[in-house]
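These notes are about the structure you will find just below.
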Amino acid sequence: MHVLMTAAGRRTEHWTELFAALCDRPEVTLTVLAADVSASTHRRLDRLARLRPNLRYHLVSHLLGEHRTGHLASGLFRPGTGRRLGGRHPDVVHVIGEATYLTSWQAIRMRQRHWPTAPLTLYAAQNVVTRFPVPFPRLERQAYDSIDHAFPITPAALGVLRARGYRGPATIVPLGVDTALFRPRPATRPQARRFTVGFVGRLEPYKGVHDLLRAVDLLDCDLLAVGGGSLYPEIERTAARRPGRISLAGWTDHADLPELLSRMDVLVLPSIEVIRRGPLRWTGVPQREQFGRVLLEAMACGVPVVGSEVGEIPYVIGPAGLTYPAGDVVALADRLAALRDHPDLARQLAGRGLRRATDEFSWAGTADGMYHVWQELTGAGRQLATARGPDRPTGP
């Protein structure tokens, strides 16, 4: 089965783990068409293509992009992108991008022009019903009319799809974790150590970093923060006022993250809901945590997790960790104190998290779910396509 995937945007690094899981199937040949990805994603794609002979990738030029407009929906592949694939006919086309994205619209048009009988599937992660200006609602309706199956990553994302008018079949396929890389390992710190709270991600206000700093100060515990962002200088100043108690690791290679997680007694994702605005007024939308993949990475390493009750954080944590009302610093401090003062509770939650990450959120399981749907579509999809004839392009 030859699968063509399209993706665009800087926040695509984790998809390389799905690509690897799919390429573990010898019956799958994967072609990735990507634009505007980070240098780290490019390195991972290059390394993966050398290791997996059944993977090919093409990095193509793009117009606009998130860095210019403030929203992923505005990205555009350069004209003629489809010709980069030559005469290779995919059995399935999968679009990593929301129905409102311009790159999704372009990928759908490519499929309609070049491979009209190939079933089309679409990723969906939006957990907020958002209004977009013209022409985006029209593009969204066209996408819903064109796709054969949707892959929302959470129940909330499925609910948004239905609320926005998608009536076709859908299967929830969550984001995953690389359980070969993220696994329990011996702690690298001495036994006589202070309780250490960990954070991994963007050091930005919407991640609840200020709440985390206040909670750590209330408990007088240590903090290990991994990542970067606009609040990095502020955390450096806070660290200077608490010598030896706050450590900043900066952005790190994905392969080095398990070792850093092993130095944490708990990982916290204290996100809050904010209205995010870009340079254009229409880009202002509610922003809630759409998944919280770092929670899975910590759970797979046997590290207990605490998260705010915003977005999809409670869904990801499930019964395997502790949650608290977003923005409630005292409640966050109470949850951390419970883990610090009750080692049995911490061990119990760590065990639950490990089982949940391994059994319910592995990339191999996600790849299995997608592959089984594609098998069904390539069997019945060809008969349907023959009956209805080639699709016509829906764009201008």
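A short reminder: the numbers here are calculations on the coordinates, not readings from a lab. Not measured: the values here are computed from a predicted model. Reconstructed Cβ throughout: ideal geometry from the backbone, glycine too, with neighbour counts over all protein chains shown.
Brief remarks follow.
- FRET efficiency, 1/(1 + (r/R0)^6) with R0 30 Å, evaluated for HIS42 and HIS2 via beta carbons: 0.85
- Calculated [222 nm] ellipticity per residue, helices only, for the chain: -12000 deg cm²/dmol; basis is -39500 (n - 2.57) per DSSP H run with n ≥ 4, divided by all residues, nearest 500.
- Fewest-first sequence of LEU181, LEU260, LEU102 by Cβ atoms within 10 Å of each Cβ: LEU181, LEU260, LEU102
- Annotation for the range 83-138 versus the range 180-255: alpha-carbon center distance of 38 Å.
- For THR29, the residues whose amide H sits under 5 Å from its own are HIS2, VAL3, ignoring neighbours fewer than 5 places away on the same chain, with H placed 1.01 Å from N.
- Full-stretch length increase - ASP359, ARG78 - with 0.36 nm per residue and alpha-carbon distance subtracted: 97.1 nm
- Computed label-point distance, nm, for sites TYR232 and ASP334 using a 7 Å Cα→Cβ extension: 3.6
- Helix 329-341 vs. the chain, principal-axis angle (Cα, 0 to 90°, nearest 10): 70
- Exposure proxy order (Cβ contacts within 10 Å, fewest to most) of CYS301, CYS221: CYS221, CYS301
- Seen from PRO325, the other residues with C-beta closer than 15 Å to its C-beta sum to a net charge of -3, counting Lys and Arg as +1 and Asp and Glu as -1.
- Derived scalar couplings between HN and Hα for the range 298-313 equal 5, 4, 5, 8, x, 9, x, 10, 10, x, 6, 8, 9, x, 9, 4 Hz in order, rounded to whole Hz, by the Karplus curve 6.51 cos²θ - 1.76 cosθ + 1.60 (θ = phi - 60°), x for Gly and Pro.
- Cα centre as origin, Lys/Arg/Asp/Glu Cβ charges: the range 196-360 dipole, Debye: 320
- Most mobile listed residue (SER271, SER146, SER40) in the chain, GNM with C-alpha springs under 10 Å: SER40
- Between LEU345 and GLN375, the FRET efficiency from the beta-carbon distance, with R0 = 56 Å, is close to 0.80.
- Under 5 Å, built H, 5+ apart or other chain: amide partners of HIS94: LEU4, MET5, THR6, THR121
- Placed amide H near ILE246: partners under 5 Å, 5+ positions off or other chain: LEU223
- ³J(HN,Hα), Karplus 6.51/-1.76/1.60, whole Hz, each residue of the range 246-259, x for Gly, Pro: 10, 10, 10, 9, x, 5, 10, 4, 4, 5, 8, 5, x, 5
- Ordering THR16, GLY97, VAL316 by the projection of their Cα atoms onto the charge dipole of the chain, which places +1 on the Cβ of Lys and Arg and -1 on the Cβ of Asp and Glu, puts GLY97 at the extreme positive end.
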